[in-house]
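Everything below concerns the one structure shown next.
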Amino acid sequence: MLTKKQFDILDLIIEEKEPLSQRKMAKKADLSVGTINKILAELTSLGLIENNKATEKGIEAMEPYKVKRAVVMAAGFGSRMMPITLNTPKPLVRVNGVRIIEPLLDTLIENGIEEIYLVRGYLATQFDDLLYKYPNIKFIENPHYNEGNNIVSVMCAREHLASAYLLEADLLLYNKSLIKKYQYSSNYLAIPVDETDDWCFYMKDNYISKVAIGGVNCYKMVGITYWTEEDGKKLSQDVEKTLKSPGGKERYWDEVPLKYCKENYKISVRPCKQEDIIEIDTFNELKAIDKAYDT
């Protein structure tokens, strides 16, 4: 079992094509040079690196942290994007010539994550076109997509949540480094903000302590999460339990680990920047990004 700092540095060494100096490692990992030197010494003594390169033993040590699969939620109406979503599911809308979902799928595959499940509902058969480029995708049907919130989609995919990314399909990904081959613990991608009227988190002792809609000095939620094998199995059970409770269909799946069953989880945040990833919520926002729609 690696410590978090050992994991971060070994992951950085594996990720980089050329060996990094200690100073560059320190900058990328947001640690002091002294701390980097200490961790490098530990990894070397364990036989996990040699001359700042990962050994075969080092690669093997990362295997328990390897992301095995991804579940992509793409069943919704995208009603705020009307009229463009009247005949096209939101994830398949083209932005500057590229379908919204494609950078996400490309990056998953580039990181060796080829077990991909896509939960579909609205205009479901249009997603078949993705198979020409992504033949490994397995579709999961959500026949009840119009009867509740996204907890229904996660329920349909509950058997595939262990060691898995759980992602929203309507995110326009610009920073591909946000999708990683290895993950240390269950986490949410989020943007530190001074104020937001969107879904957000508050932190305590490095873990999410509270979820809210709107807040100040908090983290704005981004729809990319990762769940370890242990947490993914718990999430599967807790989603089913919450969905079957009174009013369960009207809840959002995020409320399960962050509110209704939060005592079962310790979830960290992976900070990112506003320009790294964009969720296009409205048709006006789409027109602002792609002038082809502004006619």
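Values quoted throughout were computed directly from the atomic coordinates according to the rules given, and no laboratory measurement underlies them. The shown structure was predicted, so the numbers you read here are calculated from the model rather than taken from an experiment. For neighbour counting, all protein chains shown are included, and Cβ atoms are generated from backbone atoms with ideal geometry for every residue, glycine included.
For the chain, a Gaussian network of Cα nodes joined below 10 Å ranks 20, 92, 48 by mean-square fluctuation, and the top entry is 20.
Separation of the range 1-58 and the range 161-201, taken as the distance between their Cα centroids, equals 24 angstrom. Database note for the chain: Cys without another Cys beta carbon under 4.7 angstrom, 156, 261, 272. Model label points for residue 38 and residue 263, set 7 angstrom from Cα along the Cα-to-Cβ axis, are 3.6 nm apart.
Note on residue 80/residue 198: beta-carbon distance plugged into 1/(1 + (r/R0)^6) with R0 of 22 Å gives a FRET efficiency of 0.95. Spin-label pair residue 276-residue 229: with each label point 7 Å from Cα along the Cα-Cβ axis, the two points sit 2.7 nm from one another.
Pulled fully out, how much extra length does the chain show between residue 46 and residue 217, if you take 0.36 nm times their separation in residues and subtract their Cα-Cα distance?
Details: separation 171, 0.36 × 171 = 61.56 nm, distance 4.03 nm.
Result: 57.5 nm gained on full extension.
What order do you get for 148-157, 215-224 when each peptide is scored by the mean count of other beta carbon atoms within 10 Å, highest first? Before the final figure, lay out the partial values.
Working: 148-157: 21.9, 215-224: 19.5.
Packing order, densest peptide first, comes out as 148-157, 215-224.
What FRET efficiency would be calculated for the residue pair residue 146, residue 175, taking the C-beta separation as r and a Förster radius of 30 Å, to the nearest 0.05?
Values: r = 33 Å, r/R0 = 1.10.
The pair residue 146/residue 175 has a calculated efficiency of 0.35.
Sorting 144, 160 on the 10 Å Cβ count, fewest up front, what's the list?
Working: 144 14, 160 21.
The fewest-first ordering by Cβ neighbours comes to 144, 160.
By the count of other C-beta atoms within 10 Å, a proxy for reagent exposure, 234, 38 are ordered fewest to most as 38, 234.
Full extension from residue 125 to residue 209: what is 0.36 nm times the residue separation minus their Cα-Cα distance, to one decimal in nm? If you can, show how the numbers build up before the last one.
Numbers: separation 84, 0.36 × 84 = 30.24 nm, distance 3.96 nm.
Full extension from residue 125 to residue 209 adds 26.3 nm.
Taking the Cα centre of the chain as the origin, how large is its charge dipole in debye, to the nearest 20, when only Lys and Arg (+1) and Asp and Glu (-1) carry charge on their Cβ atoms? All intermediate terms of the calculation are to be shown ahead of the outcome.
On the way: 40 positive and 44 negative charges, 87 e Å.
Around 420 debye, computed over the chain.
Take the Cα of residue 294, step 7 Å along the line toward its Cβ, and report every residue of the range 68-105 whose backbone nitrogen sits under 15 Å from that point. Counting only backbone N, you get 96. Of all lysines in the structure, the ones whose alpha carbon falls short of 23 Å from that of residue 204, not counting any fewer than 8 places away in one chain, are 4, 5, 220, 234, 259, 262, 266, 273.
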